[in-house]
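Here the structure comes first, spelled out in structure tokens, and everything after it is commentary.
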Amino acid sequence: MKRVLCEAEMEEYLWAYGLSFKILSLASVSGPQGVNIPASVHYQGNPAFPVKRQTKIVQCASGWTCSDYNGTYTSATPSPLTFNFRCTNTSPLPTAMFRWRTTLTDANGVVTNAVEHTSTCTRPAGTVANASRAGDGNSANRIVITP
């Protein structure tokens with residue numbers, strides 16, 4: 001026996017099951033050094049939580065130390081998922097741009113498309129960039145992603 005879904009049931013089905021889990025957008029962000037710069041991963045679909053975020057460094061600015069970062073969203077969270085970039089350094093440096101590639105993986109092992117994006121850390125207003133330190137490889141010049 002077949003039953004025809006009413007409009008509300010059809011919408012619920014499409015929302016919960018009909019959309020594949022994928023990243024719709026992850027905008028490039030910019031902000032001053034030493035401050036959390038919020039980023040948002042807009043997704044579609046109905047992922048099984050926990051969802052893991054894998055953010056891999058593609059291009060690190062000269063004079064900075066960069067690493068891949070993973071984050072986990074433990075409870076069901078509607079789109080967007082958020083995290084922060086932060087450029088930590090001991091003194092103001094010239095503006096620096098970093099290129100990243102991010103994917104999401106849900107609890108069932110479903111992996112989204114990869115999205116490339118950038119984060120740019122600008123020199124704080126009213127400071128003079130210490131250009132001589134920008135290329136010295138000082139490990140204190142790091143970009144950190146939380147959570």
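The values are calculated or read from the model by the stated rules, or taken from the named source; none is laboratory data. Since this is a predicted model, take the numbers as computed values, not measurements. Don't worry about glycine lacking a Cβ; one is built from the backbone with ideal geometry, like all the others, and counts go over all protein chains shown. To get the accessible areas, we keep the full protein, side chains included, count just its heavy atoms, and leave off ligands, DNA and RNA. Shrake-Rupley method; radii C 1.70, N 1.55, O 1.52, S 1.80 Å.
Summary of values
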| item | result |
| --- | --- |
| Verdict on N36 being open to solvent by 30 Å² or more (accessible area, probe 1.4 Å), in contact (Cβ under 8 Å) with a residue 60 or more places away in the chain and not charged (D, E, K, R) | yes |
| Test: residue in segment 42-51 that is surrounded by 16 or more Cβ atoms within 10 Å (Cβ to Cβ) and closer than 15 Å to I145 by Cα | no |
| Selection within segment 1-19 - modelled with pLDDT of 65 or more and of a type in the set (G, A, S) | A8 |
| Top-ranked residue of segment 52-67 - restricted to ones that are of a type in the set (S, T, N, Q) and within 15 Å of T112 (Cβ to Cβ), ranked as most open to solvent (accessible area, probe 1.4 Å) | Q54 |
| Meets criteria (assigned to a loop (DSSP other than H, G, I, E, B), under 16 Å from A27 (Cβ atoms) and open to solvent by less than 70 Å² (accessible area, probe 1.4 Å)) for N84 | no |
| Inter-residue pairs, beta-carbon under 8 Å, first among the aliphatic types (A, V, I, L, M) and in segment 107-125, second outside any strand (DSSP E or B), 6+ apart | A107/P47; A107/A48; A107/F49; A107/P50; V110/F21; V110/P47; V110/A48 |
| Residue count for segment 99-114, restricted to those that are crowded, with 20+ Cβ neighbours inside 10 Å and not in a loop (DSSP other than H, G, I, E, B) | 3 |
| Test result for A76, open to solvent by less than 40 Å² (accessible area, probe 1.4 Å) and either in contact with a Lys or Arg (Cβ under 6 Å, 6 or more places away or on another chain) or not in a helix (DSSP H, G or I) (or both) | no |
| Lone unmet requirement of (1) open to solvent by 20 Å² or more (accessible area, probe 1.4 Å); (2) touching a residue at least 24 places away in the same chain (Cβ under 8 Å); (3) outside any loop (DSSP other than H, G, I, E, B) for N70 | (2) |
| Conditions (1) at pLDDT 90 or above; (2) surrounded by fewer than 17 Cβ atoms within 10 Å (Cβ to Cβ); (3) not hydroxyl-bearing (S, T, Y): number failed by P124 | (1) |
| Among (1) farther than 14 Å from I57 by Cα; (2) in a strand (DSSP E or B); (3) of a type outside the set (V, I, T), the one test that P124 misses | (2) |
